[in-house]
């Protein structure tokens with residue numbers, strides 16, 4: 001299952017049923033789990049931790065040092081979970097002293113040319129479109145869909161079940177369950193089709209919609225809008241997530 005034309009450092013740890021194609025480079029201090037497929041010309045570099053059941057396409061580079069001038073060679077990791085599709089030329093950099101690790105969760109699709117910068121945290125079940133670039137220390141919560149050629153500023157956070165229009169760029173947080181697009185980027189309504197596909201009930205969807213009506217159409221400042229949501233909308237995990245997400249936002253949310 002391992003091509004004789006691949007380079008595997010003798011200290012690398014390789015699990016069971018791993019397929020490694022020709023001209024793959026696997027560095028020292030690398031751990032690769034079971035049932036992975038690594039296609040030709042991929043590079044798995046120092047500090048990489050690969051889970052189980054991933055497919056890594058040609059030209060992908062996992063574990064390269066951060067593109068951060070503050071990096072001083074500290075011991076950090078690039079962690080990839082289970083069952084991810086990492087397409088051609090995806091780059092996932094190691095962490096820095098800030099967090100010590102970059103994390104890609106489980107069941108994600110990272111399309112061609114995606115960049116995941118140092119100390120980023122990508123959740124589970126996300127779809128990241130071609131050539132989207134994520135700067136350092138960003139957070140993307142579970143089940144987000146980010147279209148192609150999106151530029152994400154450092155320290156930003158994207159909520160769960162969000163859909164972001166291709167070609168967008170943003171430097172503020174994008175709260176959960178919404179569609180974000182236009183130029184400059186703005187709130188474009190809730191992701192109602194995505195929520196229905198994911199099994200959200202009509203009642204929950206209506207409550208989410210009402211919460212965002214208060215935030216974006218109620219004419220209130222954010223603090224008063226959140227207080228109004230807590231007072232008037234039936235409590236649920238989804239409403240609590242929206243309120244907590246926005247309250248904890250350090251960069252503020254998109255308009």
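If a residue has to be over 15 Å from residue 178 (Cβ atoms) and either at pLDDT below 95 or surrounded by fewer than 21 Cβ atoms within 10 Å (Cβ to Cβ) (or both) to count, how many in segment 143-159 make the cut?
Number satisfying all stated conditions: 6.
On the basis of being assigned to a loop (DSSP other than H, G, I, E, B), exposed (fewer than 13 other Cβ atoms within 10 Å of the Cβ) and under 23 Å from the mean Cα position of the chain (by Cα), does residue 199 make the cut?
So residue 199 passes the test.
Going through 255, 235 one at a time, which residue ends up being assigned to a loop (DSSP other than H, G, I, E, B) and touching a residue at least 24 places away in the same chain (Cβ under 8 Å)?
After ruling out the rest, the residue left standing is 255.
Right, residue 216: surrounded by 14 or more Cβ atoms within 10 Å (Cβ to Cβ), closer than 21 Å to residue 171 by Cβ and in contact (Cβ under 8 Å) with a residue 24 or more places away in the chain or not?
Details: surrounded by 14 or more Cβ atoms within 10 Å (Cβ to Cβ): yes; closer than 21 Å to residue 171 by Cβ: yes; in contact (Cβ under 8 Å) with a residue 24 or more places away in the chain: yes.
Criteria met by residue 216.
The values are calculated or read from the model by the stated rules, or taken from the named source; none is laboratory data. Keep in mind the model is a prediction, meaning the values are calculated, not measured. Every residue, glycine as well, gets a Cβ built from its backbone with ideal geometry; the counts of neighbours run over all protein chains shown.
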